[in-house]
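The values are calculated or read from the model by the stated rules, or taken from the named source; none is laboratory data. This structure is a prediction, so every number in the text was calculated from the model and none was measured. FYI the Cβ positions are ideal-geometry reconstructions off the backbone, even for glycines, and counts take in every protein chain you see.
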Amino acid sequence: MSFVSIKARIAEDDRDRRRSSRLPVDLGATVRELGASGVEARVLNISETGFMAVAEGPFEVGSRVWLILPGRDRANAVVKWIAGDKLGAEFAEPIELEGLRA
């Protein structure tokens, strides 16, 4: 199977594999890999089960991180994808979005 056919299959799949809808936001945050120092991040969207952020850092797919939003408890997540300075992560436990919708 060639890479071209794999890309075509992904592009043809119209199903949204996300378990919950994303809330578009623009939030300052800190993303910190477990056992490392945190880096500043900008969360672009978030749901009960994950988030997408822009962050300068040496993150790798599969690494565990903390998402730290001001005034909220930190949330543990696993990095699922990286594209340039953007990363997408899935929370270990769903989070409450109350207060982020305002």
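Of everything in region 46-85 that's among the aromatic types (F, W, Y) and modelled with pLDDT of 95 or more, which residue is surrounded by the most Cβ atoms within 10 Å (Cβ to Cβ)? The selected residue is F51.
Give the residue that is nearest to S37 (Cα to Cα), with candidates limited to residues of region 48-98 that are of a type in the set (V, I, T) and in a loop (DSSP other than H, G, I, E, B). It comes out as V61.
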